[in-house]
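For reference, the structure is listed below as structure tokens.
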Amino acid sequence: MKPVTVYDIAREANVSVATVSRVLNNTAPVKKSTRDRITELINKYQFQPNALARSLFKKETGMIGVILPDITNPFFPEVLSGLDQEARNKGYTFFLCDTVSTNTNGDSGEQYVRESEYLNILVEKQVDGIIMLGGRINLAKPSAELVNEVVEVCKRVPVLLINGNLPGEGMNRVYADEKVGAELATQHLIDLGHRDIAFVGGYRHMSNTLQRIQSFVKTMEKNGLKVRKEWMLDGGFSVESGKAFLNILLGLPERPTAVFCANDLVAIGVMKAANKAGLRVPHDLSLVGFDDIPYASNSIPELTTVSLKCYDVGRNAADLLHQMITKNKVSRNTKVRPELIVRESTAPPGGKGLKA
């Protein structure tokens, strides 16, 4: 049986091909009776527009590429959820490119090679735009080679960065304010009465970790509190690293009464190690995480954390990339303000746990 084309739909509906296209792509108003007639025929024949034909006709593929470092990290699916919702509303689907590496030191050349490969593949696939999360855009000092590669791609395809940057290049980006988030978390612990506070997690060669550390230190000093170097530990974003960090702290002569963790996975690791050591959270140790991944509200006790508004960031990113693709003027920087989510893992030193 010969496949049904857009021309067949137009002929049977007694309308132009352009009108069928408007209904398919929702690009312009069409009279309800006409839209209903076209939709009925589309459903009747189970018509699917040909992506290649669309790209030749409109010079668009309806595809965007998304490059991220590890889909198993619960932070990224939250961003993707908002991104997917808004992208579909605007008629896009996307290629998901996961550059996950077996290297666990947070600075993997293997990962950046995969990023480079995916950038080339997406350009070859003629995607309408590219979104990058994590990887090289989170490095505090990315190499000129890594930066220039993205800059060259930008000359051919609109590229948007999420929660990262390539310093000095003025690229379009959507990001949650890391420093504000860290200030909210630190000030919350101080307001509860904590004076002995540790910071654990992340990697110091990554800009997001540095921003959180800098804001933590600044907020402590603003309140006249001492920052102890032995209570500042980095080297991972995982549950296992969180366990290791707390074990190091427990081995010190003096211990903190509260710990600010670089992300929620680290906080969950700290919580597990505390429980194994016979410490009660928050009675013996208060914990604050960062990201507000789904696990945060399902841990026992529920985790106080900083929400980076991942869903909103994703939706904003899809909308902004669409504006870039359609040649509309957009702001270089779109900043989202984080929110402190107070749950059960924080309380005054030696006091009773707070209720959400």
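Residues in region 127-145 that are among the basic types (Lys, Arg) and open to solvent by 50 Å² or more (accessible area, probe 1.4 Å): Lys141 only.
Hand me the list of strands (runs of 3 or more DSSP E) wholly inside region 219-314 holding 2 or more residues that are closer than 17 Å to Phe199 by Cβ and among the aliphatic types (A, V, I, L, M).
258-261, 286-288
Looking only at region 6-46, which residues are part of a loop (DSSP other than H, G, I, E, B) and either of a type in the set (A, V, I, L, M) or modelled with pLDDT of 80 or more (or both)?
Asn14, Val15, Ser16, Ala28, Pro29, Val30, Lys31, Gln46
Contact map, region 133-160: residues that are in contact (Cβ under 8 Å) with a residue 24 or more places away in the chain paired with residues that are basic (Lys, Arg) and outside any helix (DSSP H, G or I), Cβ distance under 8 Å, separation 6+ or inter-chain. Pairs shown: Ala140/Arg204; Leu160/Arg173. Going through (1) surrounded by fewer than 18 Cβ atoms within 10 Å (Cβ to Cβ); (2) closer than 23 Å to Pro77 by Cβ; (3) among the acidic types (Asp, Glu) one by one, Glu124 falls short only on (2).
Can Gly193 be described as open to solvent by 30 Å² or more (accessible area, probe 1.4 Å), of a type in the set (Gly, Ala, Ser) and in contact (Cβ under 8 Å) with a residue 60 or more places away in the chain?
On the way: open to solvent by 30 Å² or more (accessible area, probe 1.4 Å): yes; of a type in the set (Gly, Ala, Ser): yes; in contact (Cβ under 8 Å) with a residue 60 or more places away in the chain: yes.
The answer is yes for Gly193.
Got a sec? Which of Leu320, Leu265, Leu287 is open to solvent by less than 40 Å² (accessible area, probe 1.4 Å) and closer than 30 Å to Tyr92 by Cα?
Of Leu320, Leu265, Leu287, the one residue that is open to solvent by less than 40 Å² (accessible area, probe 1.4 Å) and closer than 30 Å to Tyr92 by Cα is Leu320.
Of the residues making up region 154-185, just one is open to solvent by less than 30 Å² (accessible area, probe 1.4 Å) and on the phi > 0 side of the Ramachandran plot, namely Asn163.
The values are calculated or read from the model by the stated rules, or taken from the named source; none is laboratory data. In this text, all values refer to a predicted model and were calculated from it rather than measured experimentally. Heads up, the Cβs are rebuilt from the backbone with ideal geometry, glycines too, and the neighbour counts pull from every protein chain shown. SASA here: full protein model, heavy atoms, side chains in, ligands and nucleic acids out. Shrake-Rupley method; radii C 1.70, N 1.55, O 1.52, S 1.80 Å.
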